[in-house]
Amino acid sequence: MDAWTFLGLEPTADPLVWRLPVTPGVSTPGHFLFGGCGLAAGVAAIEHASGRPAIWATAQYLSYAPTGSVVDFAVNLAVVGHQTTQARVIGRVDGKEILTVNGAFGRRALDIAGTWVEPSEVPRPQDCTRRKIPSDFIGSVLERVEMRLALGRQFEQLDGTRGDGRCAFWARLPGQMTPSSAWLSVLGDYVPSGVAQALGRASIGNSLDNTIRVVQLVATEWILCDVQILAIANGFGHGRAHLWSEDGTLLGVASQSVIVRVGRNRTPSEPAPASSEPSSSEPSSSEPTSSEPSSSKPTSSEPAEGA
């Protein structure tokens, strides 16, 4: 399964405009578009329009796209150079801007390469326990990605003891052996799940951004998401993830800043008030900061997840 099939991204008569039906398979348990899928769709659309692979791309989430809606992605190839293209995509639902993706795309011939970071020492995927998800997450995007916990604690093991800010899991999309920039964008949206591991307690939140930097793509069944939470201060958390192939090749680097929310009274399956409307002051979340991604809808002061 390629990223286009996974997302359900559809072309239109205009080669610079694409449609993304927000199906349950690209939605959170709270019934709105998963932020990583929004970034992935923008990246895929620009790559197709420019004919060049992603170098880096970042998404800013402004509002949310409920399940059942359609996001229209309009590509603008702002600057097309000899080797790189600077571009942006604006995603809209019924004319309302939901998210913006900016990035650079291209490739240069240079006979110099190197990697100056190393993956965490973790067991192979087949030796790791499958990451457990609550039953109310079934049918969402979180069920479609198979994940195995390589470093860290399962949900029920979070007892309030703080961790070292590191956690890691293996992830795969059944049937896909060669990763894409879009697929890395989806996995990068799991960075905030490390906040709960760092704090040692369940927490949820809203991602302010989602950035992916693509190093190189090689065939691999499993991808290691090596997450590090760098700091939490003033109500916000900041983290990154190195994305590795099974043979130790660095595929990409993801980073996010997230609004940290701890000790919420709502359960993950409990909806927010029916009058909820996201505000522009706190852009939408992507992966909540809990090891159990939140399915709650945004309140009037808490914009939704991932556009």
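Key figures
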{"item": "Extreme residue, farthest from Cys37 (Cα to Cα), among residues of the range 94-125 that are in a strand (DSSP E or B) and free of Cβ contacts under 8 Å to residues at least 40 places away in the same chain", "result": "Lys96"}
{"item": "Residue check for Gly30: over 25 Å from Arg213 (Cα atoms) and either at pLDDT below 95 or part of a helix (DSSP H, G or I) (or both)", "result": "yes"}
{"item": "Residues being over 14 Å from Trp56 (Cα atoms) and touching a Pro at 6+ places or on another chain (Cβ under 9 Å) - total across the range 204-226", "result": "13"}
{"item": "Test result for Leu199, over 30 Å from Val43 (Cα atoms) and either of a type outside the set (Lys, Arg) or under 18 Å from the mean Cα position of the chain (by Cα) (or both)", "result": "yes"}
{"item": "Residue list for the range 195-205, filter: on the phi < 0 side of the Ramachandran plot and either surrounded by fewer than 20 Cβ atoms within 10 Å (Cβ to Cβ) or assigned to a loop (DSSP other than H, G, I, E, B) (or both)", "result": "Arg201, Ala202"}
{"item": "Selected residue (criterion: farthest from Pro53 (Cα to Cα)) from residues of the range 69-79 that are in a strand (DSSP E or B) and not aliphatic (A, V, I, L, M)", "result": "Asp72"}
{"item": "In the range 154-194, the residues that are among the charged types (D, E, K, R), assigned to a loop (DSSP other than H, G, I, E, B) and in contact with a Ser or Thr (Cβ under 7 Å, 6 or more places away or on another chain)", "result": "Asp189"}
{"item": "His82 being in a loop (DSSP other than H, G, I, E, B) and of a type outside the set (A, V, I, L, M)", "result": "yes"}
{"item": "Residue in the range 6-49 that is farthest from Val75 (Cα to Cα), counting only those that are of a type in the set (Val, Ile, Thr) and surrounded by fewer than 23 Cβ atoms within 10 Å (Cβ to Cβ)", "result": "Thr23"}
{"item": "Criterion: among the small types (Gly, Ala, Ser), within 30 Å of Arg52 (Cα to Cα) and at pLDDT below 95 - qualifying residue of Gly263, Gly252, Gly306, Gly248", "result": "Gly306"}
{"item": "Some residue of the range 93-110 being of a type in the set (Val, Ile, Thr) and surrounded by fewer than 24 Cβ atoms within 10 Å (Cβ to Cβ)", "result": "yes"}
{"item": "From Gly106, Gly95, Gly51, Gly68, residue being on the phi > 0 side of the Ramachandran plot and either polar (S, T, N, Q) or within 21 Å of the chain's Cα centre (by Cα) (or both)", "result": "Gly68"}
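The values are calculated or read from the model by the stated rules, or taken from the named source; none is laboratory data. These numbers come from a predicted model, not from an experiment. Quick reminder, even Gly has a Cβ in these numbers, built from the backbone with ideal geometry, and neighbours come from all protein chains shown.
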